[in-house]
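Worksheet for the structure shown next.
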Amino acid sequence: MKVDNTQLYDYLRNNKVIDEATLKPLFSQAQKTNIQLADILLKEGILSEADLTSAKAQMFGFAFIDLSKTDILEKTLQIVPEQIAKKANVVAFAKKGKELSVAMVNPEDLQTIDFLRKKTGLKIVVHIATASDIREILQQYQKDINAEFGDLLQGESDAQGDEDLAQIAEDLPIVRIVDTLVKHAILQGASDIHIEPLEKTIIVRYRVDGMLRQAMSLPKTTGAGIVARIKVLASLKLDEHRLPQDGRFKLETDEYKISFRVSILPVFDGEKIVMRLLDEGSQGLTLEKMGLFGEALEAIQREINKPNGMILVTGPTGSGKTTTLYTVLDILNQPEVNISTIEDPVEYRMENVNQTQVHAKIGMTFAAGLRSLLRQDPDMIMVGEIRDGETLEIAVHAAMTGHLVLSTLHTNSAAGAIPRMVDMDAEPFLLASTTNMVIGQRLVRKLCDECRESYKMTPKEVDTLSNSYNLDNIKEVMVRLGAMKKAQEWSDVPLYRKKGCSECGGLGYKGRRGIYEVFEIQENIEKLIVQKATADEMEQQARKNGMVTMVEDGFYKVIGGVTTIEEVLRVTKE
């Protein structure tokens, strides 16, 4: 819950919370530096977090509750499901009759309040509490691993064979361990769970917003049971320990619907498990939500509505290419069109889309699957990835013969896709006539809206940044996009950096957003393709045509407060 600097200033002055002689210069400082007055008051030690939160509560007409002095019963706390409590920063602290008193950081979160009212059947009485107090109470949901799993973590596994493993996989302690690992991953918004056997321990790591971090360490004795439990869930062979295995399973509750893609790989100290979490309950993405805007967005909408041609998405592993393809497919998915895909693996299930899984061992490759799809009367085809010349040749001919083909390539830039396909023996004149567009992308971590702070670069920081990027060229594009004024210097532009709060778990980032370059194949680009021009030459022409590069799109989002310069540097350096 944010408060306007002027509102807070007027309240503190009118209620004589702080004398005006002290308050006025701090207010002026906040206005000049574009920093929250509340942050300055906290930093200077003039008001405590409790004082500020109490003031905000009175300003908005809510009651303030000091949770540090409140005894909360376990059964009362558990009325609010853990996932909702941590996601919305809300805790139940008292129940009286048909009334449930809850403490929140943001009492304007009407969606959460309405959910709690419907789920509990109680009248929800909202109080405001400090973020740190709520963070402290939320830790009560988490029990110590050793206490929760008791004897299992201290004892030795006595499994002698696969029948014992089958029994252990159903034992309550192992079931609870796996459930807890999964539950914590979902609560933290993880995209992957890594369970890695070492010589004397089992390490569990979660990938959140693209970054791996260690979540917990478990005794080695739990390893066989955890592997067996996950194999049972994913319908894999319990007695196979020497070969890799892949499987899937799904968890569905009132709060979430998650599909898990499981990969098990034999390693020196046992079997390593990686589980990809796919949220099937989340609302569909749109191109705008992904971070596309302006001319780039218009170009994509123009090209995907053409009846034939090839649209490619490029970037390294984990850059969101498949998500972009699924988003485009979702837009194009209408009853009057036949859409077929060949994927490895099938990531998300889509209604009314014919999705085929690659099985290379039995000859079902991308190329073989694509040949068969062309006999299925498709209007649109999505090929998970173009990996070889044979698949590319079939895709190009499909695009020539009246199909819209969507696929991905591993290249560093959008323009680099053309020379890459020429290297795969595609004829330049065919590429020029069939390729509609190439979208290059990366994913950057998104700044937490609740705690990001504004700052301006020093001249020294500008000089350092100019060693990595041509800031004059970037400024020209920023002026064209309206993000900067012509007279502004880089040291005058308000930027944002991470801070950390309860909302983002102290990381300063929450969620991810794409940065893009949309390389539309216009007539002057077609001529360059036929002439076998380099990627740099084609990119220069595309920029003259109006293309915004990934770096420029990144800087636009930095100025807009979406991400940081450090994030753009991290994902665009080569």
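The values are calculated or read from the model by the stated rules, or taken from the named source; none is laboratory data. Keep in mind the model is a prediction, meaning the values are calculated, not measured. Heads up, the Cβs are rebuilt from the backbone with ideal geometry, glycines too, and the neighbour counts pull from every protein chain shown. Accessible surface is based on the protein model in full, side chains and every heavy atom, while ligands, DNA and RNA are left aside. Shrake-Rupley method; radii C 1.70, N 1.55, O 1.52, S 1.80 Å.
Take the conditions (1) surrounded by 14 or more Cβ atoms within 10 Å (Cβ to Cβ); (2) of a type outside the set (Lys, Arg); (3) modelled with pLDDT of 85 or more; GLU148 misses just one of them, which is (3). If you go through the range 311-319 one residue at a time, do you hit one that is of a type in the set (Ser, Thr, Tyr), in a strand (DSSP E or B) and either touching a residue at least 60 places away in the same chain (Cβ under 8 Å) or loosely packed, with under 15 Cβ neighbours inside 10 Å (or both)? Yes - at least one qualifying residue is present in the range 311-319.
Contact map, the range 331-342: residues that are closer than 11 Å to LEU404 by Cβ and β-branched (Val, Ile, Thr) paired with residues that are open to solvent by 30 Å² or more (accessible area, probe 1.4 Å) and in a loop (DSSP other than H, G, I, E, B), Cβ distance under 6 Å, separation 6+ or inter-chain. Pairs shown: VAL337/ASP379. Within the range 388-415, the set of residues being within 26 Å of the chain's Cα centre (by Cα) and not aliphatic (A, V, I, L, M) comprises SER407, THR408, HIS410, THR411, ASN412, SER413.
Of the residues that sit in the range 391-426 and are within 19 Å of ILE525 (Cα to Cα) and free of Cβ contacts under 8 Å to residues at least 24 places away in the same chain, which one is surrounded by the fewest Cβ atoms within 10 Å (Cβ to Cβ)? In this case the residue turns out to be ASP423. Within the range 45-70, the only residue that satisfies the criterion of being under 19 Å from CYS451 (Cα atoms), open to solvent by 30 Å² or more (accessible area, probe 1.4 Å) and more than 35 Å from the chain's Cα centre (by Cα) is GLY45. The number of residues in the range 428-483 being open to solvent by less than 60 Å² (accessible area, probe 1.4 Å) and of a type in the set (Asp, Glu) comes to 1. Note on the range 410-419: residues that are at pLDDT below 95 and within 23 Å of ILE342 (Cβ to Cβ) amount to 2.
The residue list LYS272, LYS306, LYS289 contains one member that is among the charged types (D, E, K, R) and either crowded, with 17+ Cβ neighbours inside 10 Å or in contact with a Cys (Cβ under 6 Å, 6 or more places away or on another chain) (or both), which is LYS272. Quick check, is LYS86 over 24 Å from GLY505 (Cα atoms), in contact with a helix residue (DSSP H, G or I) (Cβ under 9 Å, 6 or more places away or on another chain) and in contact (Cβ under 8 Å) with a residue 12 or more places away in the chain? Considered against the rule, which asks whether it is over 24 Å from GLY505 (Cα atoms), in contact with a helix residue (DSSP H, G or I) (Cβ under 9 Å, 6 or more places away or on another chain) and in contact (Cβ under 8 Å) with a residue 12 or more places away in the chain, LYS86 comes out as no. The residues in the range 31-44 that are more than 16 Å from PRO494 (Cα to Cα) and surrounded by 13 or more Cβ atoms within 10 Å (Cβ to Cβ) can be counted, and the count is 6. Reported count of residues in the range 528-564, each being charged (D, E, K, R), part of a helix (DSSP H, G or I) and in contact (Cβ under 8 Å) with a residue 60 or more places away in the chain, is 5. In contact (Cβ under 8 Å) with a residue 12 or more places away in the chain, under 27 Å from ALA535 (Cα atoms) and among the β-branched types (Val, Ile, Thr): does that describe VAL444? Judged against the criteria, VAL444 is a match.
What are the residue pairs meeting all of these: first residue in the range 237-249, first residue more than 12 Å from LEU265 (Cβ to Cβ), second residue surrounded by 12 or more Cβ atoms within 10 Å (Cβ to Cβ) and not hydrophobic (A, V, I, L, M, F, W, C), Cβ atoms under 6 Å, and 6 or more apart or on different chains? Qualifying pairs under 6 Å: LEU238/ASP162; LEU238/LYS231; ASP239/ASP162; ARG248/ARG261. For the range 425-499, the helices (runs of 4 or more DSSP H) that sit wholly inside it and include 3 or more residues that are within 14 Å of GLY554 (Cα to Cα) are 471-481. For the range 360-390, filtering for residues that are under 18 Å from GLY309 (Cβ atoms) and exposed (fewer than 13 other Cβ atoms within 10 Å of the Cβ) leaves 0. Under 9 Å between Cβ atoms, at least 6 apart or on separate chains: pull out the pairs that start in the range 55-72 with a residue that is in a loop (DSSP other than H, G, I, E, B) and end on any residue that is among the β-branched types (Val, Ile, Thr). Here the result reads PHE62/VAL126; PHE62/ILE128; ILE65/ILE128; ASP66/THR130; THR70/ILE137; ILE72/VAL91; ILE72/ILE137, each pair linking the range 55-72 to a residue that is among the β-branched types (Val, Ile, Thr).
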